[in-house]
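Peer 1: Encoded as structure tokens, here's the structure I'll be asking about.
The values are calculated or read from the model by the stated rules, or taken from the named source; none is laboratory data. Quantities reported herein were computed from a predicted structural model and do not represent experimental measurements. A quick note on method: Cβ atoms are made from the backbone with ideal geometry, for glycine too, and the neighbour counts reach across all protein chains shown.
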Amino acid sequence: MITIDSEEQNPVDTEERVELPNDSNLSIKDIKKLVEQNTKSKLYLGNDPSLKINKILTNIASFDRITEGGIPRRRFTMFYGNDSSGKSTLSALCAKAVQLQEGTVAYIDVESSYDPEWWQKLGVNLSELIYIKTDLAENLFDILRELCLQQVDLIILDSIASLIPGEEHEKKGDEQSVAVLARLVNRSLKKIIQDNQNSAIILINQLRSGIGGYAHEQVLPGDLLPPAGGRVLHGAERRDEILRYPIRMRQKR
């Protein structure tokens, strides 16, 4: 298998194009080299070490076992569940594990839920924790993208459901804003996915009920209480549903 990483969007100059020889016995390396020359792109073989998904061990035995090695780098991991089900606490324990491995951690606090005393009791080194408080969702995603470019090891966003897009912020309370957050998340995550080379990103989310009580299996098959933020978040590497007792993990592949 060959993976293509396009470096330029400009059309290929036909004058510089190297024609493939009329030989059906070309090796895979020859094809790779010729395609790279003609498209100005970087190709990888399927077994290239750089394509391996590295994971961060959390030192929580049950969690590492269920996740098959911990939190994946270069991917989004979403913790979602009911209120007070342990989402932020689990994220703090992941932050502690990263710090013990001499990694860097950034915490983006959207819903003002950060309690430094509690985090310190959980073992997090607060002097080595990057704390970020921002207002609008657009600013937050710019910060998140920059943290990825700086290759921060673990980035925690708490939470998706509390994000306020600028369009929604400017409207009055009685004015409707349909799917504004979902559209913003969709656009922003596309950019971050491309820029994220080494960071593990934890997105904390809440569950939402169907409007008017119509979310039941006969009307809306699937999750009765889906997480906020739109279906784009269903593309996360992991979607871990956290219930109070017991903690239940559900992996999306």
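Peer 1: Quick one: in region 78-114, which of the residues that are among the hydroxyl-bearing types (Ser, Thr, Tyr) and out of contact with any strand residue (DSSP E or B) (no Cβ under 9 Å at 6 or more places or on another chain) is surrounded by the most Cβ atoms within 10 Å (Cβ to Cβ)?
Peer 2: Going through the qualifying residues, I end up with THR89.
Peer 1: Can you tell me which of ILE66, ILE60, ILE71 is assigned by TED's automatic domain parsing to the domain that holds LEU154, surrounded by 15 or more Cβ atoms within 10 Å (Cβ to Cβ), over 21 Å from LYS133 (Cα atoms) and free of Cβ contacts under 8 Å to residues at least 40 places away in the same chain?
Peer 2: Exactly one residue qualifies, and that residue is ILE60.
Peer 1: Can you pull out the residues in region 1-52 that are aliphatic (A, V, I, L, M), at pLDDT below 90 and closer than 30 Å to SER199 by Cβ?
Peer 2: MET1, ILE2, ILE4, LEU51
Peer 1: Assess whether ILE160 counts as being surrounded by 17 or more Cβ atoms within 10 Å (Cβ to Cβ), in the same structural domain as ASN196 (by TED's automatic domain parsing) and in contact with a Gly (Cβ under 6 Å, 6 or more places away or on another chain).
Peer 2: It is true that ILE160 is surrounded by 17 or more Cβ atoms within 10 Å (Cβ to Cβ), in the same structural domain as ASN196 (by TED's automatic domain parsing) and in contact with a Gly (Cβ under 6 Å, 6 or more places away or on another chain).
Peer 1: Among the residues of region 94-122, how many are among the small types (Gly, Ala, Ser) and touching a Leu at 6+ places or on another chain (Cβ under 8 Å)?
Peer 2: 4
Peer 1: Could you check region 78-171 for helices (runs of 4 or more DSSP H) lying wholly inside it with 3 or more residues that are in contact with a helix residue (DSSP H, G or I) (Cβ under 7 Å, 6 or more places away or on another chain) and at pLDDT 85 or above?
Peer 2: The qualifying helices (runs of 4 or more DSSP H) are 116-121, 137-149.
Peer 1: Another one. Here are the criteria: (1) exposed (fewer than 14 other Cβ atoms within 10 Å of the Cβ); (2) more than 20 Å from the chain's Cα centre (by Cα); (3) not aliphatic (A, V, I, L, M). Tell me which single one GLU146 does not satisfy.
Peer 2: (2)
Peer 1: In contact with a Ser or Thr (Cβ under 7 Å, 6 or more places away or on another chain), crowded, with 17+ Cβ neighbours inside 10 Å and over 13 Å from SER199 (Cα atoms) - does that describe any residue in region 119-138?
Peer 2: Scanning region 119-138, I find no residue that is in contact with a Ser or Thr (Cβ under 7 Å, 6 or more places away or on another chain), crowded, with 17+ Cβ neighbours inside 10 Å and over 13 Å from SER199 (Cα atoms), so the answer is no.
Peer 1: Here's another thing I want to ask about it. Scanning for something assigned to a loop (DSSP other than H, G, I, E, B), under 20 Å from the mean Cα position of the chain (by Cα) and at pLDDT below 90, does region 57-72 turn up at least one residue?
Peer 2: Within region 57-72, one or more residues are assigned to a loop (DSSP other than H, G, I, E, B), under 20 Å from the mean Cα position of the chain (by Cα) and at pLDDT below 90.
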